[in-house]
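The block underneath contains the structure these notes are about, expressed in structure tokens.
The values are calculated or read from the model by the stated rules, or taken from the named source; none is laboratory data. Predicted, not measured: the structure shown is a model, and the values here were computed from it. Here Cβ is always computed from backbone atoms with ideal geometry, including for glycine, and neighbour counts include all displayed protein chains.
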Amino acid sequence: MINSVAKLPNVKVAAGQLLNMRFSPGVLAGDENLDKFVSFLNTLVIKGIYHCQFNVFNTKTLLDAKAHPENYADLIVRVVGYCAQYISLMPEAQDAIIARTTNGW
């Protein structure tokens, strides 16, 4: 994925290309996984990809928040360049966040 995005003419786009990613919480658990994530971030910089945003949720949480918004008033997600209260988003925006690829190592 990184190599594909790096091939885009990022320097020709104001503020660069936006790369949205969603990670499951387990991917960032423990020192070894955090070290891998830091390496991933360093690779983004080396490849010239500097406009990235991440959500760290599993699909089950997002689906449950959609079905039971009263239980998730404090769930904040990254959308396209801004943060929003998940339950305040239109269903189409919620679905787009759910559909983002969940990345694992």
>> Can you list residue pairs whose Cβ atoms sit under 9 Å apart, with the first residue in the stretch 85-105 being under 16 Å from Thr61 (Cβ atoms) and of a type in the set (Lys, Arg) and the second being modelled with pLDDT under 90 and not in a helix (DSSP H, G or I)? Count only pairs 6 or more apart in sequence or on different chains.
In response: Arg100/Asn20; Arg100/Met21; Arg100/Arg22; Arg100/Asn55
> Looking at this structure, is Asn33 more than 14 Å from Arg100 (Cβ to Cβ), among the polar types (S, T, N, Q) and surrounded by 10 or more Cβ atoms within 10 Å (Cβ to Cβ)?
Replying inline: yes
> So which residues in the stretch 24-65 are among the hydrophobic types (A, V, I, L, M, F, W, C) and within 21 Å of Ala6 (Cα to Cα), if there are any at all?
Replying inline: Phe37, Val38, Phe40, Leu41, Leu44, Val45, Ile46, Ile49, Cys52, Phe54
>> Which numbered condition in (1) closer than 20 Å to Ala96 by Cβ; (2) touching a residue at least 40 places away in the same chain (Cβ under 8 Å) is the only one that Lys60 fails?
In response: (2)
> Looking at Val27, Val80, Val5, Val38, which is the one that is over 16 Å from Ile97 (Cα atoms), out of contact with any Asp or Glu (no Cβ under 7 Å at 6 or more places or on another chain), among the hydrophobic types (A, V, I, L, M, F, W, C) and loosely packed, with under 14 Cβ neighbours inside 10 Å?
Replying inline: Val38
>> Tally up the residues in the stretch 41-68 that are more than 16 Å from Leu18 (Cα to Cα), of a type outside the set (S, T, N, Q) and in contact with a Ser or Thr (Cβ under 9 Å, 6 or more places away or on another chain), please.
In response: 2
